[in-house]
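What follows is a set of notes on a single structure, which appears directly below.
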Amino acid sequence: MGTVREHGLIIKQNDYGDGHRMLNIFTESYGIIRAVSYGAKRQRNSSAASSQFMCFGEFDLYLSNRDIANVNSVSVTETFTPITEDIVKLSLCTYLADITYAMLGENNPDERLLKTLLNTVYALAYRNEAPDKVKAVYELRLMTIEGYMPNLGVCGCGSRETCAFDFDKGSMVCRSCRGKNSTSVSAGVYKAMYYITQAEDKRIFSFTGNDTLFKELENISERYLLTHIDRSFRSLDYYKKIKDM
Ligand SMILES: [Zn+2]
């Protein structure tokens, strides 16, 4: 306990009391923590970014025995401005932050997942990757890192003639083992799923495809994630609404 200096990404921010902000910061060593930034709303423009959604930087935090930390100061590294200025990208990031929180919970360190989220946000902000692709890659990679890596090999019965992905089993299945909660998978999408689950952390976006492929891919990754998290996300509904406008 006491004062620590931590790299972290703000994945949620809400107004709190008179001029303060309540933050969820995804930190390297402590996982997702709750922290209050006192007087955040009154700060001048130069420092206002330091309590905003998707701000990445070094946080001086005071950790007490209470479960809410205090932000003493922030040295901002990156604000991902192209995201905060684009409503589609912003709503997608809000959803990605929500599923990260839902899977990981608070006070559960996962440096690899933090890096993956940062790479994902970076790809959306600066590499102009298609939102559907970004969404699919993060959903599948999140599942993979958090212990739900899909089985893309042979069917549970031993058959190599797989034709569909079964969401309950998290596995490719053959015609006779296929359950209700499943979907056919095209060869291109299968290849992309295989790539995303196997690629090195830094190379998860290094594959190509067209809009149709990314659409099919993100339908599958979303349904797989939602089958296992077993809840809905308002941020997902909002993202879909905004994207189709
Ligand atoms: Zn089978």
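The values are calculated or read from the model by the stated rules, or taken from the named source; none is laboratory data. Treat the numbers as computed from the prediction; the structure is a model and nothing was measured. A quick note on method: Cβ atoms are made from the backbone with ideal geometry, for glycine too, and the neighbour counts reach across all protein chains shown.
So that you can scan it fast, the table gives a plain yes or no per residue for (1) modelled with pLDDT under 95; (2) in contact with a Pro (Cβ under 6 Å, 6 or more places away or on another chain):
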position	(1), (2)
25	no, no
40	yes, no
47	yes, no
59	no, no
67	yes, no
73	yes, no
87	no, no
92	no, yes
104	no, no
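For every residue, the table says whether it meets (1) touching a strand residue (DSSP E or B) at 6+ places or on another chain (Cβ under 8 Å); (2) outside the structural domain of residue 136 (by TED's automatic domain parsing).
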{"residue": "38", "(1), (2)": "yes, yes"}
{"residue": "49", "(1), (2)": "yes, yes"}
{"residue": "53", "(1), (2)": "yes, yes"}
{"residue": "65", "(1), (2)": "no, yes"}
{"residue": "88", "(1), (2)": "no, no"}
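If you check 222, 200, which single one turns out to be more than 16 Å from the ligand (Cβ to nearest atom), of a type in the set (D, E, K, R), surrounded by 16 or more Cβ atoms within 10 Å (Cβ to Cβ) and at pLDDT 95 or above?
Sole residue among the options that is more than 16 Å from the ligand (Cβ to nearest atom), of a type in the set (D, E, K, R), surrounded by 16 or more Cβ atoms within 10 Å (Cβ to Cβ) and at pLDDT 95 or above: 222.
Within the group 123, 97, which residue is within 17 Å of residue 208 (Cα to Cα) and in a helix (DSSP H, G or I)?
Just a single option satisfies the conditions, and that option is 123.
Which residues, counting only those in region 165-186, are more than 10 Å from the ligand (Cβ to nearest atom) and not in a loop (DSSP other than H, G, I, E, B)?
165, 182, 183, 184
Could you tell me which residue of region 134-182 is surrounded by the most Cβ atoms within 10 Å (Cβ to Cβ), considering only residues that are within 22 Å of the chain's Cα centre (by Cα) and among the β-branched types (Val, Ile, Thr)?
Among residues in region 134-182 that are within 22 Å of the chain's Cα centre (by Cα) and among the β-branched types (Val, Ile, Thr), the one surrounded by the most Cβ atoms within 10 Å (Cβ to Cβ) is 137.
Determine which member of the set 95, 62, 16, 101 is of a type outside the set (A, V, I, L, M, F, W, C), more than 28 Å from residue 132 (Cβ to Cβ) and touching a residue at least 60 places away in the same chain (Cβ under 8 Å).
62
Residue by residue through region 65-92, note down the ones that are under 21 Å from residue 34 (Cα atoms), part of a loop (DSSP other than H, G, I, E, B) and without any contact (Cβ under 8 Å) to a residue 24 or more places away in the chain.
Correct list: 66 only.
Assess whether residue 184 counts as being touching a Phe, Trp or Tyr at 6+ places or on another chain (Cβ under 9 Å) and within 16 Å of residue 116 (Cβ to Cβ).
no
Going residue by residue through region 150-164, is there one that turns out to be of a type outside the set (A, V, I, L, M, F, W, C), at pLDDT 95 or above and more than 13 Å from the ligand (Cβ to nearest atom)?
Yes, region 150-164 contains at least one residue that is of a type outside the set (A, V, I, L, M, F, W, C), at pLDDT 95 or above and more than 13 Å from the ligand (Cβ to nearest atom).
In region 53-96, which residues are buried (at least 17 other Cβ atoms within 10 Å of the Cβ) and of a type in the set (S, T, N, Q)?
79, 84, 91, 94
Check region 165-176 and report whether any residue there is without any contact (Cβ under 8 Å) to a residue 60 or more places away in the chain, touching an Asp or Glu at 6+ places or on another chain (Cβ under 9 Å) and among the charged types (D, E, K, R).
The answer is yes; a qualifying residue exists.
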